[in-house]
Amino acid sequence: MSTWIRPAHADDIDDIAQLNDAAFGQSAEGKIVRKLKRDGDSVLSLIAHDDSQIVGHVQFFRIQIDGAPLAVGLGPMSVLPGRQRQGVGSGLVRTGLLALEGAGESLVFVLGHADYYPRFGFSADTAAPFDAPWSGPHFMAKRLADSAPVAGTLTYPAAFGV
Ligand SMILES: CC(C)(COP(=O)(O)OP(=O)(O)OC[C@H]1O[C@@H](n2cnc3c(N)ncnc32)[C@H](O)[C@@H]1OP(=O)(O)O)[C@@H](O)C(=O)NCCC(=O)NCCS
């Protein structure tokens, strides 16, 4: 069965929330996706679907650096439990990063599995100089352009409650 990636539509939001609930086993991430959209903080929302259903989702949102909209955050991201470890998540991340680069974005942060995101070029060293609500090996960044800021204070959207 083929799996396709496309931008999420407004009427996908209930399916996306359900998918996040199923992948994380709780409803916090689905609520974050809804709030990001409602607050206008979503930069890009991609879904993967097969012939019958949505099987994956990745959310990208705006992060301010020193008050300017210079970076993007990745998350939440989820793949349907029965479809994990089949490349769906990788396809979503790679497609999203390519689209962001094409749109002129230069820097992407993620707070996530330290043994998953480095395969896409994310590194804790790149994120470390930034003043953020998070630090350590799970807090990573990837530069998409030479013009990307190398340090500064990050402000996350209200949806994350930090
Ligand atoms: C994490 C997640 C999005 C990955 O999507 P996926 O489609 O399963 O991943 P892919 O098939 O593209 O990649 C599979 C690789 O990811 C690794 N992987 C999957 N889940 C992982 C996890 N929780 N921690 C570390 N690595 C993980 C697998 O080991 C596999 O590595 P390999 O190729 O070296 O064997 C998905 O497993 C998921 O939705 N998990 C539950 C929710 C979650 O944790 N979201 C991310 C929060 S940062």
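Derivation of every value follows stated rules applied to the coordinates shown; laboratory data play no part. Keep in mind that what you see is a predicted model, and the values were worked out from it rather than measured. No Cβ is skipped: glycine too gets one built from the backbone with ideal geometry, and neighbour counts run over all protein chains shown.
Just one of (1) crowded, with 18+ Cβ neighbours inside 10 Å; (2) in contact with a Ser or Thr (Cβ under 7 Å, 6 or more places away or on another chain); (3) not basic (K, R) fails for D66. It is (1). Per the listing R38, R62, the residue uniquely free of Cβ contacts under 8 Å to residues at least 24 places away in the same chain and among the basic types (K, R) is R38. The single condition from (1) within 16 Å of the ligand (Cβ to nearest atom); (2) of a type in the set (V, I, T); (3) in a strand (DSSP E or B) that V43 fails is (1).
Of all the criteria given as (1) within 12 Å of the ligand (Cβ to nearest atom); (2) touching a His at 6+ places or on another chain (Cβ under 9 Å), the one not satisfied by V58 is (2). Reported count of residues in segment 106-162, each being surrounded by 13 or more Cβ atoms within 10 Å (Cβ to Cβ) and in a strand (DSSP E or B), is 15. The set of residues in segment 32-62 that are surrounded by 15 or more Cβ atoms within 10 Å (Cβ to Cβ) and of a type outside the set (A, V, I, L, M, F, W, C) comprises R34, K35, K37, D41, S42, S45, H49, D50, G56, H57, Q59, R62. Go through segment 73-129 and give me each residue that's within 12 Å of the ligand (Cβ to nearest atom), of a type in the set (D, E, K, R) and within 22 Å of V43 (Cα to Cα). Scanning segment 73-129 gives a single hit, R94. Counting just the residues of segment 5-30 that are surrounded by 15 or more Cβ atoms within 10 Å (Cβ to Cβ) and of a type in the set (D, E, K, R), which one comes out farthest from the ligand (Cβ to nearest atom)? The selected residue is D12. Within segment 109-162, the residues that satisfy the criterion of being touching a residue at least 60 places away in the same chain (Cβ under 8 Å) and among the hydroxyl-bearing types (S, T, Y) are T153, T155, Y156.
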